[in-house]
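Have a look at the structure below before the remarks.
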Amino acid sequence: MKRICIVGISGKLGQYMTEHALARGYEVTGVCRPESVAKLARFGDRITVFPGRTDDRTVIGAATRGCDGVLTVLAPWGVQDYASGTARAVIDLAPPEARLVFSCGWHVSRDGKDRYGWKIRAIVRFGTPILRALRLVDLDDQQRAADLIFASARDWTLVRGSDLEEGPSEGLPVWARHAHDPTLARNLMRRTDFALFMVAALTDPTLIREAPAITGRD
Ligand SMILES: NC(=O)c1ccc[n+]([C@@H]2O[C@H](COP(=O)([O-])OP(=O)(O)OC[C@H]3O[C@@H](n4cnc5c(N)ncnc54)[C@H](OP(=O)(O)O)[C@@H]3O)[C@@H](O)[C@H]2O)c1
């Protein structure tokens, strides 16, 4: 792994992934909205930024060119299929051999067999229609993005994160195939460790075509 692209590089997760990737000696390119480029000032010329929406196919094609891996933050903003448009662009346009790693939350399920606590069920059941009616967020579109990834023959991993908090690293998160697995009972991890898992997944062949649900170590 030499060169990677981070799609959604200016957000909190994106910036942590940038730190971990640079620490591993990777050459880093990234995509973020033009108005967010300034958030990346601290990285200076250690990264190359392609300003644009993450579902812009021209920008994704240019930013991922020559990359061995692509880390993508799937964010269900608005009601214009932003997350699924982003996933489709990365799947279609990243170099054929590139390792593709995507982020989302536990509420996304691969086989419909995940069992959730009352909090997540309430957020998904009541939050989805309200946020969509307000035209702010479309949680269903994150599931549509995930379904595109699951159907893809690419070397993908979809990392499904637990609740997040800020703070120093506690180490690489633990993972399981389903969110209700007892090893994930903590349902809380440091955001920097979510990023650590995403970057580590780039070089972990055991995670190819897996959708690990992850949380912090006790
Ligand atoms: N927050 C949680 O508790 C939680 C829990 C589990 C999993 N996750 C997953 O973790 C990943 C990162 O989430 P996060 O909460 O930590 O946020 P984040 O890293 O700050 O990322 C948010 C992303 O959305 C972009 N964004 C924000 N507002 C936007 C808008 N109006 N239109 C288009 N793009 C916009 C941001 O770009 P700009 O820099 O341009 O604003 C950034 O790339 C996501 O895949 C999420 O599903 C989050």
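Numbers for the structure displayed
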read-out: Any hit, the range 84-100, residues being farther than 20 Å from residue 55 by Cα and surrounded by fewer than 16 Cβ atoms within 10 Å (Cβ to Cβ); value: yes
read-out: The range 86-95 - residue that is out of contact with any Ser or Thr (no Cβ under 6 Å at 6 or more places or on another chain) and in contact (Cβ under 8 Å) with a residue 40 or more places away in the chain and, of those, nearest to residue 70 (Cα to Cα); value: 87
read-out: Helices (runs of 4 or more DSSP H) wholly inside the range 117-218 containing at least 3 residues that are closer than 21 Å to residue 8 by Cα; value: 139-150, 191-201
read-out: Condition met for residue 56 (of a type in the set (Asp, Glu), surrounded by fewer than 23 Cβ atoms within 10 Å (Cβ to Cβ), away from the ligand (no atom under 11 Å from the Cβ) and under 22 Å from residue 139 (Cα atoms)); value: yes
read-out: Odd one out for residue 152 among (1) away from the ligand (no atom under 13 Å from the Cβ); (2) buried (at least 23 other Cβ atoms within 10 Å of the Cβ); (3) touching a residue at least 40 places away in the same chain (Cβ under 8 Å); value: (2)
read-out: Pairs with Cβ under 8 Å, 6+ apart, first in the range 172-198 and under 18 Å from residue 73 (Cβ atoms), second modelled with pLDDT under 95 and of a type outside the set (A, V, I, L, M); value: 173/217
read-out: Condition check for residue 122: in contact (Cβ under 8 Å) with a residue 60 or more places away in the chain and among the small types (Gly, Ala, Ser); value: no
read-out: Residue 162, sole failed condition from (1) of a type in the set (Gly, Ala, Ser); (2) modelled with pLDDT of 95 or more; (3) over 18 Å from residue 7 (Cβ atoms); (4) over 15 Å from the mean Cα position of the chain (by Cα); value: (4)
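The values are calculated or read from the model by the stated rules, or taken from the named source; none is laboratory data. Keep in mind that what you see is a predicted model, and the values were worked out from it rather than measured. Virtual Cβ from ideal backbone geometry, glycine too; neighbours counted across all protein chains shown.
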